[in-house]
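These notes are about the structure you will find just below.
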Amino acid sequence: MSDLGTNAPRIPTTTLGGGGTGPRVGVQGLGCMGMSFAYGPTDADEARATLERALDLGVTFFDTADMYGLGANETFLSPFFRAHREEVVIATKFGIVLDPDDPVKRGIRNDRAYIRASVEGSLARLGVDMIDLYYMHRRDPSVPIEETVGAMAELVAEGKVAHLGLSEVTGAELRAAHAVHPIAALQSEWSLFSRDVERSAVPAAKELGVAFVPYSPLGRGFLTGSFKDAGEELTADDFRRGQPRFNGANATANHALLEPVRRIAEAHGATPAQVALAWVHQQAALREMTVIPIPGTRRRGRLEENAAATRITLTDAELALLAPIASHVAGDRYPDMTFTSATRE
Ligand SMILES: NC(=O)c1ccc[n+]([C@@H]2O[C@H](COP(=O)([O-])OP(=O)(O)OC[C@H]3O[C@@H](n4cnc5c(N)ncnc54)[C@H](OP(=O)(O)O)[C@@H]3O)[C@@H](O)[C@H]2O)c1
């Protein structure tokens, strides 16, 4: 199932939310963050080849953000986007403010002046006239969401942005935002390891017809079983070394939780990564809503493997085996959970 060669079938398509007005995209997107940021050294040529290969497979929805590498990721993607402007759906984000002198420090800005400056920066780096989907990356609770979405809606009116998205918001925040302007997509972490979004964000997205875009659907790689302890196995600049789930006793305990994933993979002649992705994809049918995961990879082989997961259907018995995993995961998904929607539920 993992090697599809050059004649791989294209993945199915779906529509981003926002009252049915969103663009058609492949049901699986491509997370591009790791190509410039967070996950250690990158082979730029292989990353570029991965982008090209994505289009062959029908993976047309590309995810970046202004903060990935302080703009470097948008700049890296620009030539590819410009060469294929009609085929790609470009999603980028504003709102997380990095300190170039301190890689660990992060701020959040949601105010109108910041948004207006950010969109110009992203448009310039991407080298396009319009961003297809513009997300608020993180919420600053001191700024009313109505004000933030109002400023984002101005960008739609001005033709700089086609559709609006939000990341890491609660169901209540999504409802308040959607009342100001249709929201096409909600992007938050959702995987076999991270299911807190099912409390309010997922039901609200379903009710409003907003597409749910699960980020880190492979648990930042952990669900693939490819590493056991970030502290031992990842390079010093890898963001995951600071993640509670990836180190020491937590990593050992979490690795043991992958046993049913491995067994189910074997039964399907698939890989653990494919089972983890199939579980996320299957939420669309189970919950009758639009779900478009964006697994991140910089390698063609893995992209092919991940796209093939759209063709796996898990049985009820397999889903039942996978269901309890998230409640046993050791460690939070971020070192500081105030950086997520979970603490505002
Ligand atoms: N909104 C937000 O706050 C937010 C937060 C995090 C991420 N994101 C977005 O979501 C995207 C995806 O999330 P993510 O990259 O954090 O995590 P992910 O998709 O869960 O996992 C990515 C990791 O898994 C590895 N991988 C991918 N496919 C694999 C396979 N088949 N077998 C083995 N390993 C595999 C990748 O390595 P290689 O690249 O070396 O293949 C990478 O280290 C990002 O690229 C970014 O665009 C958004």
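The values are calculated or read from the model by the stated rules, or taken from the named source; none is laboratory data. Nothing here was measured: the structure is a model prediction, and the numbers come from that model. All Cβ positions, glycine included, derive from the backbone under ideal geometry; neighbour counts span all protein chains shown. When the accessible area is computed, the model is the full protein with side chains, heavy atoms only, and any ligands, DNA or RNA have been set aside. Shrake-Rupley method; radii C 1.70, N 1.55, O 1.52, S 1.80 Å.
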- Task: For the stretch 159-168, indicate whether the set of residues that are in a helix (DSSP H, G or I), under 23 Å from residue 280 (Cβ atoms), within 16 Å of the ligand (Cβ to nearest atom) and in contact with a strand residue (DSSP E or B) (Cβ under 9 Å, 6 or more places away or on another chain) is non-empty.
- Result: no
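Among the residues of the stretch 209-229 satisfying the criterion of being within 6 Å of the ligand (Cβ to nearest atom) and not hydrophobic (A, V, I, L, M, F, W, C), which is modelled with the lowest pLDDT? Let's see the steps before the verdict.
Start the filter on the stretch 209-229 by keeping residues that are within 6 Å of the ligand (Cβ to nearest atom), which leaves 215-221, 224, 226.
Then drop every residue that is not not hydrophobic (A, V, I, L, M, F, W, C), which leaves 215-217, 219-221, 224, 226.
Working: 215: 98, 216: 98, 217: 98, 219: 97, 220: 96, 221: 95, 224: 96, 226: 86.
Ranking the candidates gives 226 first.
Which one of these is farther than 28 Å from residue 278 by Cα, open to solvent by 40 Å² or more (accessible area, probe 1.4 Å) and either in a strand (DSSP E or B) or touching a residue at least 40 places away in the same chain (Cβ under 8 Å) (or both): 82, 116?
Numbers: 116 fails: either in a strand (DSSP E or B) or touching a residue at least 40 places away in the same chain (Cβ under 8 Å) (or both).
Among 82, 116, only 82 is farther than 28 Å from residue 278 by Cα, open to solvent by 40 Å² or more (accessible area, probe 1.4 Å) and either in a strand (DSSP E or B) or touching a residue at least 40 places away in the same chain (Cβ under 8 Å) (or both).
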- Test result for residue 206, open to solvent by 30 Å² or more (accessible area, probe 1.4 Å), closer than 22 Å to residue 62 by Cβ and at pLDDT 95 or above: no
- Any chance the stretch 244-261 includes a residue that's buried (at least 18 other Cβ atoms within 10 Å of the Cβ) and within 10 Å of the ligand (Cβ to nearest atom)? no
- Message: Pairs please, first residue from the stretch 124-146 and touching a residue at least 40 places away in the same chain (Cβ under 8 Å), second anywhere and surrounded by fewer than 16 Cβ atoms within 10 Å (Cβ to Cβ) and assigned to a loop (DSSP other than H, G, I, E, B), Cβ atoms under 7 Å, 6+ apart in sequence or on different chains.
- Response: 128/85
- Determine if the stretch 313-325 includes at least one residue that is within 16 Å of the ligand (Cβ to nearest atom) and open to solvent by 30 Å² or more (accessible area, probe 1.4 Å). no
- Item | Residue count for the stretch 282-309, restricted to those that are open to solvent by 30 Å² or more (accessible area, probe 1.4 Å), of a type outside the set (Lys, Arg) and farther than 17 Å from residue 49 by Cβ | 4
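Can you tell me which of 23, 41 is within 11 Å of the ligand (Cβ to nearest atom) and out of contact with any helix residue (DSSP H, G or I) (no Cβ under 9 Å at 6 or more places or on another chain)? Walk me through how you get there before you give the answer.
Numbers: 23 fails: within 11 Å of the ligand (Cβ to nearest atom).
None of the others qualify; the one that does is 41.
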- Message: Given the criteria open to solvent by 30 Å² or more (accessible area, probe 1.4 Å) and in a helix (DSSP H, G or I), does residue 228 qualify?
- Response: no
